[in-house]
Each structure stands twice: as structure tokens, then as C-alpha cells.
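Peer 1: Supplied in C-alpha cells, the structure appears directly below.
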Amino acid sequence: MNQQHSVVIGAGPVGTTVALQLAEAGRSVRLITRSGSGPDHPLVERRRGDASDPVVLRELFAGATSVFDCMHGSAYDAEVWRRELPRAEQAVLNAAGEVGAVVVFPESLYAYGRPSGPMTEASPRNARGGKPGVRVELLAARDASATPTVSVAASDFYGPLVRNAHAGERMVPTVLAGRTMRVLGDPDAPHSWTYVPDFAAAMIRAADDRALWNTFLHAPTAPPVSQRQLVQAYAAAAGVPAPKVSAIPVWLLRGIGIAHRGTREMAEMGFQFEAPFVLDSSASEARLGLTPTPLDAGAAATVAWWREQ
């Protein structure tokens, strides 16, 4: 591998897409996961390692100019996030600072809490408690770090490689099979969906432009559509009839969550699907010089990927 390279932590849909976009642009990538997994590409060096271990990071970050920290918590649980993520992110920030690398984080919209209108980069990010509160704490730690950072926030994902998501394996295979699609909350509430290749492109652009360091950006995201409209877009892309759509009320998850922790953790964020949940990325698009992929093109690429699986 060339002496200068980028480091990507995590091989989920975002980390893998970032690594492949970098490699396809002719740039060397070191991809770190606990298992050594990741895409097969001659410019992607897959390495096993614990990305929360300062000793491991010191070795693996040598020569890096940018780090894309796409690490997840081991469970979708606020207590797990608070136990794992602050320590792991601090280790990454410290190690990146030693080699002079910028750290780019993919970020959710959780820190905004329950929005009262479209979310812009200027909207308050001061949610309290649970998973939103953890995200607020992580953002504060990044702001306080001497290491340059960029946080790029996205709404719910869709696109190739996206499986465990509302618009992934819960939706696309159901549409392709013609089964009734049951969605969370209000099927007709406007909702923003971020195409993962657009998200990855924004993260790379932010790393490359020093003027964007130490900022909070929104990934380019197309105008909102409801869950019903997204189902229809997938069906149109697949050339199949749009299936019937029915709703799973969030109050039901909250009730089940009284006795089941995993359901309670999911219900905590149910407000995102009960009312309009809209991400305005126009200001960041102007700063990044990027525009979102139109929904019909993104849906077509997503359906094509699922049909290859």
C-alpha cells in the first residue's frame, strides 16, 4: 500500500461504500474490522483489529491522511452505545490526531430529537436521554477534540448494500414478492431517505476539503416521500404492481416495549415515522458541490442490487 492512504473503520453499507468509492477513484484504503471482512478490491487492504484499542489504532493509522469512522455499537441500545461508543471514538480521535488525519463520522438525525419542522444544519441538536442523548454527547466530544472532524448526517438509508433498515430488507424483498407491506407509523407522512452512495460521496468530499473540517453537514438527500410512495417507487423500478401498504402503530411497539427491551429501543425513535420527518440538505449541498440522486434512479439501482442477491 502507498504510504499515504485513507482508513475506513467498519464494513457496513456506509463503510463499504466509502471504501469502494475511494478505491474506484484510485486511492488506497485500509479497511479495519474485527473480522477482516470487507469488499474485494486491489486498492482495499482489509485488516483485522479492534478499533477501540489505542495500540492497534496507532499501528493501523500510520500514514493515513483521512479516517472514516463508520463503527457501530454492538447492539441498538442506548446503554450499549454509552458504554462502547464514547471510548471508541476518543481512541480514534487521539490516534488520528497523532498522524495529522481528519476524522469523518457518518451521523444520524437523532441529536435533533423530535423536530417541529424541516431539520437544517442550524437546527438545535440538544436532544436528551436515550440514544438521541448519546449522539449529542458524541458530537460534543468531537467538537472538543483537537483533531479535525466532520460529522455528516443522513436520514434513513436506502440503496445497494443496505439490508437492516426500514427501506432495506424489510421493504424491498416484500415489494418484489408482492406481499402486503407493513410500515411503522403513518404510511403517508413525508419522510426523508438518504441514498447511501450520496452519503459516502459527501463524506469523501468533506475529508478532501479543509474548508469543511470542523463542521456539521447534511448528506445530499432528495425531497421527502412517504413510506407508501417509496414502496411505489420500488415497485415501479422493479416493474411489478405496488403492493398493499398497512401500518404498524408506534403505540403498539411502546406497549410491547414495556416487557421487551429491544422493542422499547425501537419504539423510542418511532416519532420519526408518526409525523413529517424532513431533512433539508440544501445548504450542505451548496458547500459540498453535490446533489442528491433522484429517487427513481436510486430505487432502480437498489432493486437491481437486491435481484443480484
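Peer 1: Could you go through the stretch 53-61 and let me know if any residue there is without any contact (Cβ under 8 Å) to a residue 12 or more places away in the chain, surrounded by fewer than 14 Cβ atoms within 10 Å (Cβ to Cβ) and over 22 Å from the mean Cα position of the chain (by Cα).
Peer 2: Within the stretch 53-61, one or more residues are without any contact (Cβ under 8 Å) to a residue 12 or more places away in the chain, surrounded by fewer than 14 Cβ atoms within 10 Å (Cβ to Cβ) and over 22 Å from the mean Cα position of the chain (by Cα).
Peer 1: For the stretch 184-198: of the residues being of a type in the set (A, V, I, L, M, F, W, C) and in contact with a helix residue (DSSP H, G or I) (Cβ under 6 Å, 6 or more places away or on another chain), which is farthest from ALA286 (Cα to Cα)?
Peer 2: LEU184
Peer 1: Still on this model: Quick one: count up the residues across the stretch 260-309 that are within 22 Å of VAL172 (Cβ to Cβ) and among the β-branched types (Val, Ile, Thr).
Peer 2: Qualifying residue count, the stretch 260-309: 3.
Peer 1: OK, next. Can you tell me which of (1) at pLDDT below 95; (2) surrounded by 15 or more Cβ atoms within 10 Å (Cβ to Cβ); (3) not acidic (Asp, Glu) is the one ARG46 doesn't meet?
Peer 2: Unmet condition: (1).
Peer 1: A further question on this structure: Of the conditions (1) at pLDDT 90 or above; (2) surrounded by 14 or more Cβ atoms within 10 Å (Cβ to Cβ); (3) in contact with an Asp or Glu (Cβ under 8 Å, 6 or more places away or on another chain); (4) not in a loop (DSSP other than H, G, I, E, B), ALA283 fails just one. Which one is it?
Peer 2: Of the numbered conditions (1) at pLDDT 90 or above; (2) surrounded by 14 or more Cβ atoms within 10 Å (Cβ to Cβ); (3) in contact with an Asp or Glu (Cβ under 8 Å, 6 or more places away or on another chain); (4) not in a loop (DSSP other than H, G, I, E, B), the odd one out for ALA283 is (2).
Peer 1: Taking GLY73 and the conditions (1) surrounded by 17 or more Cβ atoms within 10 Å (Cβ to Cβ); (2) out of contact with any strand residue (DSSP E or B) (no Cβ under 6 Å at 6 or more places or on another chain); (3) modelled with pLDDT of 95 or more, which numbered condition does it fall short on, given that it satisfies the others?
Peer 2: (3)
Peer 1: Where residues in the stretch 1-35 are of a type in the set (D, E, K, R) and part of a loop (DSSP other than H, G, I, E, B), which of them is surrounded by the fewest Cβ atoms within 10 Å (Cβ to Cβ)?
Peer 2: So the residue we want is ARG34.
Peer 1: Consider only pairs whose beta carbons are under 8 Å apart and that are at least six residues apart or on different chains; among these, list those whose first residue lies in the stretch 66-94 and is part of a loop (DSSP other than H, G, I, E, B) and whose second residue is acidic (Asp, Glu) and surrounded by fewer than 19 Cβ atoms within 10 Å (Cβ to Cβ).
Peer 2: GLY73/GLU84; SER74/GLU84
Peer 1: Kindly check whether there is at least one residue in the stretch 219-228 that is part of a helix (DSSP H, G or I), buried (at least 16 other Cβ atoms within 10 Å of the Cβ) and not basic (Lys, Arg).
Peer 2: Looking through the stretch 219-228, at least one residue is part of a helix (DSSP H, G or I), buried (at least 16 other Cβ atoms within 10 Å of the Cβ) and not basic (Lys, Arg).
Peer 1: Can you tell me which residue in the stretch 224-279 is nearest to ARG135 (Cα to Cα), limited to those that are more than 20 Å from the chain's Cα centre (by Cα) and of a type in the set (S, T, N, Q)?
Peer 2: Applying the filter and picking the extreme gives THR263.
Peer 1: List the strands (runs of 3 or more DSSP E) inside the stretch 142-217, counting only whole elements, that have at least 2 residues being among the polar types (S, T, N, Q).
Peer 2: Fully inside the stretch 142-217 and qualifying: 149-153.
Peer 1: Can you name the residue in the stretch 155-185 that is surrounded by 19 or more Cβ atoms within 10 Å (Cβ to Cβ) and over 18 Å from the mean Cα position of the chain (by Cα) and, of all such residues, is nearest to GLN227 (Cα to Cα)?
Peer 2: Here the residue is VAL183.
The values are calculated or read from the model by the stated rules, or taken from the named source; none is laboratory data. What you see is a predicted model; the values in this text were computed from it and never measured. Note: ideal-geometry Cβ built from the backbone for every residue, glycine included; neighbour counts use all protein chains shown.
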